[in-house]
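Just below is one structure, and these are the notes that go with it.
FYI, it's all coordinate maths here, none of it is from the lab. This one's a predicted model, so the numbers in the text were calculated from it and none came from an experiment. As a convention, Cβ positions derive from the backbone with ideal geometry for all residues, glycine included, and neighbour counts pool all protein chains shown.
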Amino acid sequence: MNGCLKGALKLGCAIAIIGVLALIWWFREPIMRTGARWFGRSTALPSVADTAVGAPTPKATASGQAKVGNLRTSAGPDSVVLTPNEMASLIGAGIDWNVRKMYDSLRVELQEGKLVLHARLDTRALPPGTLGPFAGMVGEREPLRMAGTVSIGKPGTALYDITEISLRGIEIPGPFVKQITKQMAGASTSGAVPVKVDPAVTDVKVHMTGVVLYKRRRNGR
C-alpha cells in the first residue's frame with residue numbers, strides 16, 4: 001500500500017513539474033521580456049548634452065563635408081578633427097541604407113580609441129533568426145548599443161569593427177557578436193561594417209574630444 005502511495009506521489013510530482021515546464025515554455029516570450037526589463041540596464045539613449053556624444057544634423061553634415069573636402073586639396077591640412085555631431089553625420093550617411101533604415105535616433109559616443117553607436121533598432125526589419133535565443137527578450141523597437149574600432153580599409157571605405165553589442169541593456173555574449181553584426185549591421189565576413197568615406201581619408205583616430213581624419217597614413221600603423 002505504501003509503495004503504491006509513494007508511486008502515485010512521484011507520478012503526481014512528475015506531472016506537476018511537466019505542467020510547470022510546459023507553461024514556462026508556452027509563455028517564454030513574455031517571461032523573458034519581463035526578465036529583460038527587470039535585469040537589463042537603462043534603456044535610455046545617451047544625451048547629446050554630453051560633449052562626447054553626437055547626433056546627425058544638417059549643420060553637422062555640411063561642416064563635416066567641408067572639413068573632409070579640405071583634405072582633397074594640395075594646400076589643405078594633413079588632418080581635420082570632426083566633432084561628435086559631425087562623426088555621427090558621417091556614420092549615418094556612410095552606412096548602407098538597407099541597414100541605416102533599421103535605426104532611429106542615431107547617437108555616436110566617442111571613447112578613447114573606440115566608437116560607440118547608440119540607436120533604436122526596429123527588430124521587425126531584421127532577417128528571421130537574427131537574434132536567435134534572444135528574440136523572445138525584445139520588443140518591436142529596442143535600444144541598441146554597438147562598440148568597436150574604426151580603421152580605413154580601401155580608399156573610400158572605413159571599417160567599423162564591432163566587438164560589443166547590447167540590446168535593451170543586455171550584453172550579447174562574445175561568440176554571437178560577429179554573427180549578429182552580419183545580419184543587424186551589414187557586416188562583412190570579418191565582422192566589420194563598411195562605412196563610405198571620402199577617398200582622401202587614409203587614416204583615423206578616435207578621441208573623446210573628436211575624431212581625427214588624416215590625409216596621409218601615420219607612421220606606426
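For this structure, a couple of remarks:
- Projected over all directions and averaged, the alpha-carbon convex hull of the range 53-214 occupies 8.9 nm².
- Long-range amide H partners of T157 with built H, under 5 Å: V197
- Farthest positive-ward along the range 53-214 dipole, Cα basis, beta-carbon charges - from A125, V204, N70: A125
- Amide H to amide H, with H built 1.01 Å from N, T163 comes under 5 Å of A147, G148, T149, counting only residues 5 or more places away or on other chains.
- Karplus-derived HN-Hα couplings along the range 112-126 (A = 6.51, B = -1.76, C = 1.60, θ = phi - 60°), whole Hz, x at Gly and Pro: 5, x, 9, 10, 10, 10, 10, 6, 9, 9, 7, 5, 5, 8, 6
- Put in line by how crowded their Cβ is, counting other Cβ atoms within 10 Å and starting with the fewest, Y160, Y103 read Y103, Y160.
- Sorted by Cβ neighbour density within 10 Å, fewest at the top, the residues R216, R141: R216, R141
- Karplus-derived 3J(HN,Hα), 6.51/-1.76/1.60, for each residue of the range 171-177, Hz, glycine and proline x: 5, 7, x, x, x, 8, 4
- The slack between E112 and T149, meaning 0.36 nm per residue of separation minus the straight C-alpha distance, is 12.3 nm.
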